[in-house]
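Let me begin by presenting the structure, written as C-alpha cells, before commenting on it.
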Amino acid sequence: MLDLKRQYAPIHQELLEALDHVLQTQQFILGEPVAAFERAAAAQLGVAHAIGCSSGTDALWLALAAAGVNRGEAVITTPFSFFASVSAILRAGATPILADIDPTTFNLDPAAVETVLKGPPGDTVKAILPVHLYGQAADWKAYSRIGQEHGIKLIEDAAQAWGAEWQGSKAGGLGHAAASASTPPRT
C-alpha cells in the first residue's frame, strides 16, 4: 500500500549528497540549507515568510503563541485530526474546544464553529484551528468571515494539504499563521 522504496529511489543520490553536506560542514541546525528551504516554502505558499521547525506540532504551538493565545483562553479545532492539533493548544496553555466536522469533507464544519461561538465557551475563544485534510482546503471564505465578525485569529494546520488551494490561495497561506509539512520543489 505504501511503497517507500519507490518514493526514495529517484532522490537517493540527492539525499546522500545532502546528508554528506551536513556531515562535512557539521551544520546540524539552521544554516543555508534551512534558509533555502524557508525561501522555497514561502514562495510556494505565496507568503512573506516561512520558518522551519522541528515538527508540525512545534509549528502549531509557535503559531498559537505568536497569535497571543494564553491560559484561560480557548481554541476551537476538529476532533478528526492527528493529536498534534489539541496537543499544541494545550501546550499554549489554552483549552481545546472540539466542534463537529463536515460529513462530506471531514474538515471542521464552519456552522459547528459558529454554534460553539454562540454558546457559553464562545466568549473565551481566541483562535480557530481548522485542519485542511486529505489535500482539501477548509472552507476559508466561511472562516474569514467568522474570524472578522468575532475578532478571532485563524491558525491553519495545513500539514495534510501541501499544494491545496482555496479559491486561488494556497492552504498554509490563508490564515494569520499556519503549520505545513512540506518539501518544496527541488531546484
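The values are calculated or read from the model by the stated rules, or taken from the named source; none is laboratory data. No experiment lies behind these values; they were computed from the predicted model shown. As a convention, Cβ positions derive from the backbone with ideal geometry for all residues, glycine included, and neighbour counts pool all protein chains shown.
Here are a few things to note about the model shown:
- Scanning the range 92-112 for residues that are more than 11 Å from Phe80 (Cβ to Cβ), more than 17 Å from the chain's Cα centre (by Cα) and in a loop (DSSP other than H, G, I, E, B) yields Gly93, Ala94, Thr104.
- With respect to (1) part of a helix (DSSP H, G or I); (2) of a type in the set (Ser, Thr, Tyr); (3) over 18 Å from Ala142 (Cα atoms), the lone exception for Thr115 is condition (3).
- Selected residue [acidic (Asp, Glu) and loosely packed, with under 14 Cβ neighbours inside 10 Å] from Asp100, Asp123, Asp109: Asp123
- Scanning the range 112-143 for residues that are free of Cβ contacts under 8 Å to residues at least 24 places away in the same chain and either of a type in the set (S, T, N, Q) or closer than 13 Å to Thr78 by Cβ (or both) yields Ala112, Thr115.
- Test set (1) in contact with a Leu (Cβ under 9 Å, 6 or more places away or on another chain); (2) surrounded by fewer than 19 Cβ atoms within 10 Å (Cβ to Cβ) - Ile128 fails condition number: (2)
- The C-beta contact set for the range 78-89 (first residue without any contact (Cβ under 8 Å) to a residue 60 or more places away in the chain and closer than 14 Å to Ala161 by Cβ, second residue part of a helix (DSSP H, G or I) and aliphatic (A, V, I, L, M), distance under 8 angstrom, 6+ apart or interchain) is empty.
- Per-region count, the range 72-91, residues in a loop (DSSP other than H, G, I, E, B), at pLDDT below 95 and more than 19 Å from Asp139 (Cα to Cα): 3
- Residue match in the range 30-41 (condition: over 14 Å from the mean Cα position of the chain (by Cα), closer than 30 Å to Thr104 by Cβ and without any contact (Cβ under 8 Å) to a residue 40 or more places away in the chain): no
- Of all the listed residues (Glu32, Glu38, Glu73), the sole one being under 25 Å from Val125 (Cβ atoms) and among the acidic types (Asp, Glu) is Glu73.
- Flag for Ala66 being surrounded by 19 or more Cβ atoms within 10 Å (Cβ to Cβ), out of contact with any Pro (no Cβ under 6 Å at 6 or more places or on another chain) and in contact (Cβ under 8 Å) with a residue 12 or more places away in the chain: no
Conditions (1) among the charged types (D, E, K, R); (2) closer than 25 Å to Ala179 by Cα; (3) at pLDDT 90 or above; (4) assigned to a loop (DSSP other than H, G, I, E, B), marked per residue:
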site: Leu16; (1), (2), (3), (4): no, no, yes, no
site: Ile29; (1), (2), (3), (4): no, yes, no, yes
site: Arg39; (1), (2), (3), (4): yes, yes, yes, no
site: Val47; (1), (2), (3), (4): no, yes, yes, yes
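- Selected residue (criterion: surrounded by the most Cβ atoms within 10 Å (Cβ to Cβ)) from residues of the range 137-165 that are in a strand (DSSP E or B) and in contact with a strand residue (DSSP E or B) (Cβ under 9 Å, 6 or more places away or on another chain): Asp157
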